[in-house]
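So the structure is just underneath, and the comments pick up after that.
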Amino acid sequence: MSARLPTEERQAEIVAAALLMARDTSPPLITTAGIAAAVGVSQGAVFKHFASKDAIWLAAMGWVRAQLLDALDRAAAAAPRDLDALRAMFDAHIGFVVAHPGVPRVIFHELQSPADSPVKHEVRALLQQYRQRLLQRLAAAAQQGDVARGTDLDAAATLFVGMLQGLVMQAMATGQISAMTAQAGPAFVLYRRAIGGAA
């Protein structure tokens with residue numbers, strides 16, 4: 001058994017274990033017993049920190065939302081122009097998925113589930129906040145003349161997300177998650193051309 005940790009540290013450890021297991025296992029098949037074994041604690045110890053498996057996934061998605069949006073914001077802040085910020089956000093997202101390949105499995109599972117749940121609400125909040133950031137950057141890039149006049153910015157944001165989802169799904173299908181890093185550059189060049197930005 002692992003050493004006794006403060007509550008927040010143990011909760012973070014449990015969340016990290018669940019997301020790591022999702023890399024290779026469908027989220028519905030992940031059990032609290034399996035998570036407990038991965039952490040090195042009893043199943044009862046897991047339930048001391050989380051009331052249910054759904055509570056673990058809710059905490060996991062809260063962690064993902066905070067960490068991914070922070071990564072996007074930090075990447076964008078370092079870019080000289082807003083169109084460059086979009087590329088930086090794209091690369092940061094790819095890097096996040098490569099580092100945490102279980103995350104998209106959890107997100108896709110929640111979005112495909114017909115039932116509504118607090119976990120799905122958390123995923124939707126992430127997607128909404130992500131889209132807001134994209135629209136802000138696209139609008140600023142349009143004002144800077146880096147996006148073609150008349151471009152539908154809502155469609156441009158949808159294309160950005162769809163391009164990422166396509167790369168992720170392809171990587172998951174082939175089992176070559178790290179391949180997204182090499183594919184990101186050429187894909188974004190096409191995106192810039194589509195919205196009227198210089199390649």
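The values are calculated or read from the model by the stated rules, or taken from the named source; none is laboratory data. Note that the coordinates shown come from a computational prediction; the quantities given were computed from them, not determined experimentally. Backbone-built Cβ (ideal geometry, glycine too); neighbour counts: all protein chains shown. In case anyone asks, the SASA skips ligands and DNA or RNA and just uses the protein heavy atoms, side chains included. Shrake-Rupley method; radii C 1.70, N 1.55, O 1.52, S 1.80 Å.
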Ranked from the most accessible area to the least, with a 1.4 Å probe and all protein chains present, what is the order of Lys48, Lys53?
Lys48, Lys53
Can you give me the Cα centroid spacing of region 129-169 and region 1-66 in angstrom?
35 Å
Just going by the charge dipole of region 95-199, with Lys and Arg at +1 and Asp and Glu at -1 on Cβ, which of Phe96, Leu164, Tyr191 is farthest out on the positive end?
Tyr191
Rounded to the nearest 10 Å², the 1.4 Å probe accessible area of Val97 is 10 Å²
Wrap a convex hull around the Cα atoms of the chain, take a quarter of its surface area, and give that in square nanometres.
12.0 nm²
If you look at just the Cα atoms of region 1-109, how large are its Rg and its Dmax in Å?
16.0, 51
Cα axis of helix 82-99 to longest principal axis of the chain: angle in degrees, 0 to 90, nearest 10?
30 degrees
Restricting region 138-199 to trypsin sites (Lys or Arg not before Pro) in coil, as DSSP defines it, with at most 14 other Cβ within 10 Å:
Arg149
Can you give me the angle between helix 153-174 and the longest principal axis of the chain, using Cα atoms only, in degrees from 0 to 90, rounded to the nearest 10?
50 degrees
The chain: angle of helix 102-112 to the longest principal axis, Cα-based, in degrees nearest 10
80 degrees
If the only charges are +1 at each Lys and Arg Cβ and -1 at each Asp and Glu Cβ, what is the size of the charge dipole of the chain around the Cα centre, to the nearest 20 debye?
100 debye
